[in-house]
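Peer 1: Okay, handing you the structure first.
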Amino acid sequence: MEHPLRDKLALVTGASSGIGLETARALSKAGAKLVLAARRRDRLKELVQELGAAEAITLDVRDRKQVQAALEGRTFDIVVANAGLGRGLGPLQAGDAADWDEMLDTNVKGLLHTLRATLPAMIARERGDVVVLGSVAGRQVYPGGNVYCASKFAVRAIYEALRLDAAGKGIRFTTVDPGLVETEFSLVRFRGDSERARKTYAGLRCLTPADVADVILFALTRPAHVNVGEIVLWPTDQASTTVVKRLPS
């Protein structure tokens, strides 16, 4: 089918950059009607202009009341819960509690707020797709990853709980867990230190946001009785969260 998601209403959180932005592009091309949510309204406006037709919502998923006001009562066919971030890369004993709060509030509670606002309407209709963005960091820890990894382990637990809590309700749940993807993630993690962020990806052909968006679209366009539950993506040169083959600098 040329437009396999025609007339489907899809929510993408964290849509202003990276995986969220490319997912929005992929779903739009597949014919979906889009509701794009993120904190950076200027970026959302640019994306809406590019796509030609989409609704933009300035939204911080950490704010439960804001999420409820924006999303409750709406009936989505697809929810891509992509909003998330990392902060810092140091040992737990030297960690910053404010960084911990931001990661847990965004990656875990933000996901819960999004699901709580959107899932009941899907269950009432007994159909829909929920895609959560996990990470290989939710499967393997790495030095300095401590609380970020904990947040992504929690995302994986939430995915598994969803499958049980909504079993038999006609909803498909998918977790997409990528390895190294070259996005603004490291720039955010290191609070704008572009040189340090660059080193994260140096000498390595990483995944791209479009690679991840492609597999999300694949999961969403399977026949209704097929639920692609867990997708783990690695760059070919990344064997684990700690073993990466890099070209010499």
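Only the coordinates and a few stated rules stand behind these numbers; no lab work does. Quick caveat: nothing in here was measured; it's all calculated off a predicted structure. Neighbour counts are summed over all protein chains in view; Cβ atoms, including those assigned to glycine, are modelled from backbone coordinates with ideal geometry.
Peer 1: Which of (1) in contact with a strand residue (DSSP E or B) (Cβ under 6 Å, 6 or more places away or on another chain); (2) under 26 Å from residue 128 (Cβ atoms) does residue 41 not meet, given it meets every other one?
Peer 2: (2)
Peer 1: I would also like to ask the following. If we scan the stretch 180-187, do we find a residue that is in a helix (DSSP H, G or I) and either surrounded by fewer than 18 Cβ atoms within 10 Å (Cβ to Cβ) or touching a helix residue (DSSP H, G or I) at 6+ places or on another chain (Cβ under 6 Å) (or both)?
Peer 2: yes
Peer 1: Quick check on the stretch 204-226: of everything there that is in a loop (DSSP other than H, G, I, E, B) and touching an Asp or Glu at 6+ places or on another chain (Cβ under 9 Å), which residue is farthest from residue 34 (Cα to Cα)?
Peer 2: Here the answer is 204.
Peer 1: Now a separate question. Filter the stretch 114-134 down to residues that are of a type in the set (Gly, Ala, Ser) and farther than 19 Å from residue 100 by Cα and give me whichever is surrounded by the most Cβ atoms within 10 Å (Cβ to Cβ).
Peer 2: Result: 128.
Peer 1: Hey, among the residues in the stretch 227-238 that are in a loop (DSSP other than H, G, I, E, B) and in contact (Cβ under 8 Å) with a residue 40 or more places away in the chain, which one's farthest from residue 158 (Cα to Cα)?
Peer 2: Ranking the qualifying residues of the stretch 227-238, first place goes to 235.
Peer 1: Which of the residues spanning the stretch 162-172 are over 10 Å from residue 119 (Cβ atoms) and either touching a residue at least 60 places away in the same chain (Cβ under 8 Å) or surrounded by 14 or more Cβ atoms within 10 Å (Cβ to Cβ) (or both)?
Peer 2: Across the stretch 162-172, the qualifying residues are 163, 172.
Peer 1: Sort through 137, 157, 97 and tell me the only one that's buried (at least 21 other Cβ atoms within 10 Å of the Cβ) and out of contact with any strand residue (DSSP E or B) (no Cβ under 7 Å at 6 or more places or on another chain).
Peer 2: It is 137.
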